[in-house]
Amino acid sequence: MKIKRILIANRGEIAIRIMKTAKRMGIETVAIKTAIEPSALYLSYASIVFDNSEDESEIPVFLNIERLIEIAKLTECNAVHPGYGFLAENAYFADKCLDNNLIFIGPSPDSIYKMGNKTIARRIALTGKIPIASGSNGNISNEEEAIKIAEKIGYPVIIKAASGGGGRGMRIVRNPDDMEKMFIIASREAEKAFNDPSVFIEKYIDNPKHIEFQILGDKKGNIIHLGERECSIQRKHQKLLEEAPSSALDDKLREEMGMMAVKLAKAVGYYSAGTVEFLLDSERNYYFMEMNTRIQVEHPVTEEITGIDLIEQQILIAEGEELKIRQEDVGFNGWAIECRINAEDVQAGFAPDPGKIEKLNLPDDDYVRIDTGVIEGSSIVSSYDSMIAKLIIKGKDRRDAIKKCKFTLDKVWIKGVKTTLPFFRMLIRHPKFINGTFTTSFIEKDLDQYYFNSEYEEMLAAWLATKLYVEENLSGNNINLDFKESREINPWLLNKRFSQF
């Protein structure tokens, strides 16, 4: 069935990302206006805006399944795209869409359920002889049982929420004395986050790399992978920077892990875009961790090196189209790095810093892709995530991508909220990042500080303040301070000096 109009059951940059591809494909989109963000940028990209700002329901609209189905019907949509987050991995939501003759642009409810329940996913992986870390065969009911399993497989172990993800409901236990406390914390956190207190236990892999494989499958059983992404730069299991490919994999290991990802997807009859995640230890052993049954925040780095539009593929697959791409057709061109620029106070432990974006300068170089849901004047609200923009930088190889990433980060200027920019400016210059030896424990173990200070920072800030003053007070007097055209006072010339750090 052809998709004619899509309800975007999401907001922000991912809503815009979906709308851009849908428009190119000749498909109309519907965005939902809320009282929290009545002037949000994503609304301007939609074919139709549904005003839900007077909705008095206690459940926020992007979590309200019944309301979303109602809106889809009222706006005569025949498909729903959940984006990521919110209800993107909710099997009940997918099932309700299908019950109401709405095409769900994602996998089947059955696949979502099986891969969303981590204990079921482990059993499927074990049956398929896909490497997994040793652990419990199913959920564990109490701390006494957890201690017995931990003694059998050896400490450290990790307790995980069975229905979890995103680092919630996860606790590392390094000795039996801590088990009771950690079990209770993990179980309570799982219940609060996922309405399911079930947890399981597995061997904790110290200092691994986090490698994920992008897959695509159609409804006729064809499944391929599009290579890997390196996601080891993370804090409290939340990813901060991703790159594709990974410098930790050679062609042989890439092929082996990719085929394991495809094998797992085939075991559940998977279709649409999805991601199979692995941990890679220091001995190059890999272990299946989980599968995300949706588009990922970091999907642009894969798009940049493969030239494949993943949203387009999702839509075509949802329409019943067979994949036109075979595994042998997938090629990799260059290297891509994504930095998630969030409104967070790095020096306060990455605490969210909501507020109004007073000034926003983002570069427009041809090697930079920017996915954002804000402009100058937009507000970062505490009710939603703190993302400002994703900077995706492409180079001919990793060294070139890192060099260009330095230049790009030094060009970004955001006023009004604190951001993660100082962290990324530090990270991209760190020896362990440059040589690729970092692991998931990089931030906790290898950093002396979370931010970068340059001797040129004050000079740059003074220039930007002068530029702002001139723009606001001397506009119309033919004074040229354009970033590209002005040669008399251009701070980006300092990039030549920055590059030495």
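Here, each number is a calculation from the coordinates, and none is a lab measurement. What you are looking at is a predicted structure, and each value in this text was computed from that prediction instead of being measured. All Cβ positions, even for glycine, are placed from backbone atoms using ideal geometry, and neighbour counts span all protein chains on display.
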Between the residues Ile3, Phe424, Ala267, the Cα farthest towards the positive end of the dipole of the chain, that dipole coming from +1 and -1 charges on the beta-carbon of Lys, Arg, Asp and Glu, is from Ala267
Find, among the trypsin sites (Lys or Arg not before Pro) in the stretch 98-138, those assigned to loop by DSSP (not H, G, I, E, B) with at most 12 other beta-carbon atoms within 10 angstrom.
-> Lys129
Residue order, fewest to most beta carbons within 10 Å, for Val173, Val374 | Val374, Val173
Farthest toward positive dipole pole in the chain [+1 Lys/Arg, -1 Asp/Glu at C-beta], among Leu226, Pro156, Ser379 | Leu226
Given Lys2/Lys73; Lys20/Lys219; Lys129/Lys390, the pairs whose alpha carbons are separated by over 27 Å | Lys129/Lys390
Report the label-to-label distance for Asn333 and Lys356 in nanometres (one decimal), using points 7 Å from each Cα along the Cα→Cβ vector.
-> 4.4 nm
What is the calculated FRET efficiency for Leu447 to Ser383, with r their C-beta to C-beta distance and R₀ = 41 Å, to the nearest 0.05?
-> 0.85
State to the nearest 20 debye the size of the charge dipole of the chain about its Cα centre, where the only charges are +1 on K and R beta carbons and -1 on D and E beta carbons.
-> 860 debye
Counting helices only, and only those DSSP H runs with n ≥ 4, report the 222 nm mean residue ellipticity of the chain as the sum of -39,500 (n - 2.57) divided by its residues, in deg cm²/dmol to the nearest 500.
-> -9500 deg cm²/dmol
Unit Cα scatterers, Debye sum, the chain: log10 I(q)/I(0) for q = 0.06, 0.10, 0.11 Å⁻¹ = -0.29, -0.82, -1.00
D (µm²/s, integer) via Stokes-Einstein for the stretch 134-203, Kirkwood Rh across alpha-carbon pairs, 25 °C, 0.890 mPa s: value 215 µm²/s
Share antiparallel - DSSP beta bridges, the chain, percent rounded to 5 = 80 percent
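Taking 0.36 nm per residue of sequence separation and subtracting the Cα-Cα distance, how much length would be gained by fully extending the chain between Glu191 and Lys432, in nm to one decimal? Please list the in-between numbers first.
Values: separation 241, 0.36 × 241 = 86.76 nm, distance 3.74 nm.
That works out to 83.0 nm of additional length.
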Given q = 0.10, 0.13, 0.17, 0.21 Å⁻¹, what are the Debye log10 I(q)/I(0) values for the stretch 5-105, with equal point scatterers placed on the Cα positions and solvent ignored?
-> -0.22, -0.38, -0.68, -1.07
Work out, in µm²/s and without decimals, the Stokes-Einstein translational diffusion coefficient of the stretch 313-404 at 37 °C, 0.692 mPa s, Rh from Kirkwood over C-alpha pairs.
-> 202 µm²/s
Three principal axis lengths of the stretch 65-180 [C-alpha, angstrom, descending] | 57, 30, 20
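Could you compute Rg(Cα) / (2.2 N^0.38 Å) for the stretch 340-453, with N its residue count? Could the numbers behind the result be given before it?
Numbers: Rg = 14.4 Å, N = 114, 2.2 N^0.38 = 13.3 Å.
Compared with the compact-globule rule of thumb, the stretch 340-453 sits at 1.08.
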Distance (nanometres) between label positions extended 7 Å along Cα→Cβ at Asn285 and Glu144 | 3.2 nm
Rank these for me by crowding, Asp366, Asp400, going from fewest to most other beta carbons within 10 Å.
-> Asp366, Asp400
State the extension gain, in nm to one decimal, for the chain segment bounded by Glu56 and Lys73, taking 0.36 nm per residue of separation less the distance between their alpha-carbons.
-> 4.2 nm
Could you pull out the GluC sites (Glu not before Pro) across the stretch 238-305 that fall in loop regions by DSSP (anything but H, G, I, E, B) with no more than 10 other Cβ atoms inside 10 Å?
-> Glu283
